[in-house]
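Engineer: Quick one: the structure is below, questions incoming.
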Amino acid sequence: MPLLPKIAPAPLEPTLGRAAMVVLLLAVLCVLPFVLSDYRTFQLTQAVIYAVVLLGLNILTGYNGQISLGHGAFFAIGAYTAAILMDRWGVPYWATLPAAGAVCFCFGFAFGLPALRLQGHYLALATFALAVATPQILKYRKLEDFTGGVQGIVIMKPDAPAGLPLSQDQWLYLFTLAVAALLFLAAWNLLRGRVGRALVALRDHPLAAESMGINGSLYKTTAFGVSALYTGVGGALGAIAVQFVAPDSFLPFLSISFLVGITVGGLATVSGALWGALFIVYLPNWADEISKSAPWAIYGAILLVLVYLMPGGVAWMLPRAWALVLRRIRSRGGAGPGA
Amino acid sequence: MEAFLHQLVSGLAAGGIYASLALALVMIYQSTHHINFAQGEMAMFSTYLAWTLLQAGLPYWVAFAATLGISCAAGMLIERVLIRPVEKAPVLTVVITFIALLVIFNSVAGWVFTHTVKVFPSPFGAGLLPRNPFMSPHEFGSIVVTLAVLVLLYAFFRFTPLGLAMRAAALNPVSARLSGIRVGRMLALGWGLAAAIGAVAGMMVAPVVYLDPNMMAGILLYAFAAALLGGIDNPLGAVVGGFVVGVVENLMGAYVIGTELKLTVALVLILGVLLFKPAGLFGRAVVTRV
């Protein structure tokens with residue numbers, strides 16, 4: 001049985017059109033905090049953070065075919081690393097990101113080793129178990145000195161560097177955006193070249209890939225590590241943004257929402273992370289008005305619909321829809337004056 | 001010593017519940033090789049159904065039987081409508097479908113029945129058994145119910161034509177279809193049975209952990225561990241695995257690591273079995289030709 005729907009990775013070559021899109025997007029994203037309220041800016045910060053996480057999960061699940069239902073655990077590790085470093089040792093917030101990334105890389109690499117022997121359903125099961133067990137481990141009494149137990153840890157929101165006329169939320173947003181842009185650039189470079197091809201080859205035909213000389217074990221564990229690194233940096237940024245970490249913020253449903261995000265955004269795409277993040281941040285906002293449970297019911301329904309009708313997600317649908325619109329306009333333009 | 005016996009017995013009682021849910025997982029795994037992540041939430045939903053029927057004034061065992069019937073029908077419907085289209089789909093598609101089901105059942109239960117924790121009655125009464133200080137009537141009753149379910153299932157698969165047809169459909173769908181068995185219907189029936197067994201587990205555990213939409217998350221994890229330990233294609237193995245996991249979890253919780261890390265025991269068990277003995281204690285080792 002194949003692991004993933006037959007999805008060729010989205011084209012990643014640098015073209016003029018794509019470069020223009022990225023520059024435009026970045027420009028819009030940079031302007032937004034100056035026109036939005038602080039609260040809206042904070043929401044947007046969260047969306048950018050989730051985009052980083054989803055990109056990480058997509059490297060593992062979309063590109064490498066290793067299903068993870070447990071990325072909430074790495075998000076938690078990243079968040080706690082940042083919070084403990086800031087709270088205990090007074091490390092500046094920006095310095096916690098590389099630390100969180102490194103710690104999560106190690107954890108991810110370590111979890112990737114047993115994951116090598118698990119495939120498909122079983123890997124999903126093992127990572128699901130990790131997600132369910134995480135809050136309990138975080139509450140563990142013997143770790144309480146570090147983790148703050150059930151209460152968690154409260155941290156301070158960083159101020160903008162002296163001299164910049166920015167509010168805390170605006171500064172944090174721009175900081176997050178810069179980190180995310182860097183990470184997206186790195187992932188783009190990683191995935192469009194040799195490494196990306198190797199990951200996809202291992203996903204689609206492990207045997208053929210290995211006989212071409214790709215070191216399967218090394219690539220798969222490293223993919224797990226890199227994926228956890230992204231998720232961990234996302235977790236650290238998340239902790240700084242909400243100024244608080246506690247075990248109950250990392251319930252199994254967090255991991256599930258990441259899976260929802262990459263499915264909605266588009267498996268094996270880079271841009272899909274953005275769409276997925278917007279979806280999981282903004283959908284609960286308006287669905288909450290119906291009922292507290294409504295966002296999750298809608299998540300579930302949308303997952304089902306996507307799985308049946310559009311396994312490629314938004315990132316796959318958009319270019320096709322755009323092409324369709326263009327064709328319509330052209331055919332109408334051609335037929336219009338003559339008729 | 002007494003405390004130890006008490007822990008042992010409550011481990012067995014919990015194990016009976018894990019065993020039932022593991023049995024439900026095995027039912028589905030046997031025929032389709034899918035691991036049903038929504039099994040726990042389906043059981044939870046069935047339990048809410050039973051609660052609603054009880055609130056309406058039905059006697060316990062009538063509500064019990066009605067819940068089994070409705071759950072079975074719902075299980076068959078889910079298979080037919082939602083699972084059949086992805087039967088041959090890639091693994092990720094199937095996993096996402098199950099996760100979607102999990103999320104939907106959980107949120108709809110929260111939506112309809114609210115998140116307030118509810119008390120669910122036990123049919124076996126409270127207090128202690130006469131001349132047995134180690135066991136509550138409910139613990140005893142739930143062990144008996146688990147074993148009864150196992151015996152009934154065994155008899156069903158061993159002695160009835162329908163059971164034989166189901167086994168044939170699971171073992172070799174192509175030949176089964178050629179000899180006139182409606183394989184699709186058998187798969188649906190397997191789902192129905194799994195849903196009904198899960199409902200039993202839900203109704204047995206609800207008096208202990210109380211009824212709320214998230215009550216099955218941990219229990220599902222133990223059931224996974226039980227099913228894997230016993231061999232995920234072996235019903236008897238699942239039951240043995242369930243009891244072993246229940247006892248190990250309880251003794252570890254009481255004497256070694258404390259109750260706070262019980263779920264980690266399940267995680268370690270799952271990883272351990274998958275890594276060192278993927279076929280479980282009683283399962284067949286699967287050899288894949290590459």
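Engineer: Which listed residue (A:V260, B:V205, B:A43) has the Cα farthest towards the positive end of the charge dipole for the protein assembly as shown, taking +1 on Lys and Arg C-beta and -1 on Asp and Glu C-beta about the Cα centre?
Structural biologist: Farthest towards the positive pole: A:V260.
Engineer: Related question: If you average the C-alpha positions of the stretch B:86-121 and of the stretch A:18-33 separately, how far apart do those two centres end up, in angstrom?
Structural biologist: 38
Engineer: If you project the alpha carbons of the stretch B:1-116 onto the principal axes, what extent comes out on each, in Å, largest first?
Structural biologist: Computed over the stretch B:1-116, the largest-to-smallest principal extents equal 52, 38, 26 Å.
Engineer: From the Cα gyration tensor of chain A, with a ≥ b ≥ c the square roots of its eigenvalues, which class applies: rounded if a/c is under 1.5, or else prolate if a/b is larger than b/c, or else oblate?
Structural biologist: It is oblate, given that a/c is not under 1.5 and a/b is not larger than b/c.
Engineer: Taking the Cβ of A:I298 as the centre, find all other residues whose Cβ is under 13 Å away and add up their charges (Lys, Arg: +1; Asp, Glu: -1).
Structural biologist: So the environment of A:I298 carries a net charge of -1.
Engineer: Putting +1 on Lys and Arg Cβ atoms and -1 on Asp and Glu Cβ atoms, find which of A:P114, A:I153, A:L172 reaches farthest to the positive end of the dipole of the stretch A:110-256.
Structural biologist: Result: A:P114, furthest along the dipole toward the positive end.
Engineer: Continuing with this model, one more query. When the dipole is taken about the Cα centre of the stretch A:16-331, and only Lys, Arg (+1) and Asp, Glu (-1) are charged at their Cβ, what size is it in debye, to the nearest 20? Intermediate values should be presented prior to the final figure.
Structural biologist: Numbers: 18 positive and 11 negative charges, 195 e Å.
So the magnitude is around 940 debye.
Engineer: Now a separate question. Relative contact order of chain A, please, whole-number percent, based on alpha carbon pairs below 8 angstrom and at least 6 residues apart.
Structural biologist: Rounded, it is 32 percent for chain A.
Engineer: How big is the charge dipole of the stretch B:2-276 about its Cα centre, in debye rounded to the nearest 20, if each Lys and Arg gets +1 on its Cβ and each Asp and Glu gets -1 on its Cβ?
Structural biologist: Here the size comes out at about 800 debye.
Engineer: I'd like the Kirkwood hydrodynamic radius of the stretch B:2-276, using the inverse of the mean 1/r over distinct C-alpha pairs, in Å.
Structural biologist: 19.0
Engineer: Sticking with this one: Mind running the shape call on the stretch B:207-277? Use the C-alpha gyration tensor, a ≥ b ≥ c as the square roots of the eigenvalues: rounded below 1.5 for a/c, prolate if a/b tops b/c, oblate otherwise.
Structural biologist: Verdict is oblate for the stretch B:207-277.
Engineer: Which aspartates and glutamates does B:K277 reach when only Cα atoms under 16 Å apart count, and residues fewer than 8 places away in its own chain are ignored?
Structural biologist: B:D233
Engineer: Gap in Å between the Cα centre of the stretch A:203-249 and the Cα centre of the stretch B:169-225?
Structural biologist: 33
Engineer: Just from its helices, what would the mean residue ellipticity at 222 nm be for chain B, if runs of 4 or more DSSP H residues each count -39500 (n - 2.57) and the sum is divided by every residue, rounded to the nearest 500 deg cm²/dmol?
Structural biologist: -24000 deg cm²/dmol
Engineer: Run down the lysines and flag those whose C-alpha is under 26 Å from the C-alpha of A:K139, throwing out any fewer than 8 positions away in its chain.
Structural biologist: A:K157, A:K292, B:K118, B:K262
Engineer: What does the C-alpha gyration tensor say about the overall shape of the stretch B:10-49? Classify as rounded when a/c is under 1.5, otherwise prolate if a/b is larger than b/c, or oblate.
Structural biologist: Oblate, since a/c reaches 1.5 and b/c is not below a/b.
Engineer: Which value, to two decimals, describes the C-alpha radius of gyration of the stretch A:1-149 once divided by 2.2 N^0.38 Å? Intermediate values should be presented prior to the final figure.
Structural biologist: Working: Rg = 18.8 Å, N = 149, 2.2 N^0.38 = 14.7 Å.
Taking the Cα Rg and dividing by 2.2 N^0.38 Å, one obtains 1.27.
Engineer: Please report the relative contact order for the stretch B:2-276, taking Cα pairs under 8 Å with a sequence separation of at least 6, and give it as a percent rounded to a whole number.
Structural biologist: Working: 415 pairs, mean separation 110.4, N = 275.
Computed value for the stretch B:2-276: 40 percent relative contact order.
Engineer: Please report, in debye to the nearest 20, how large the charge dipole of the protein assembly as shown is about its Cα centre when each Lys and Arg carries +1 at its beta carbon and each Asp and Glu carries -1 there.
Structural biologist: 1940
Here, each number is a calculation from the coordinates, and none is a lab measurement. These figures come from a predicted structure and were not determined experimentally. In this analysis, Cβ positions are derived from the backbone assuming ideal geometry, glycine residues included, and neighbour counts consider all displayed protein chains.
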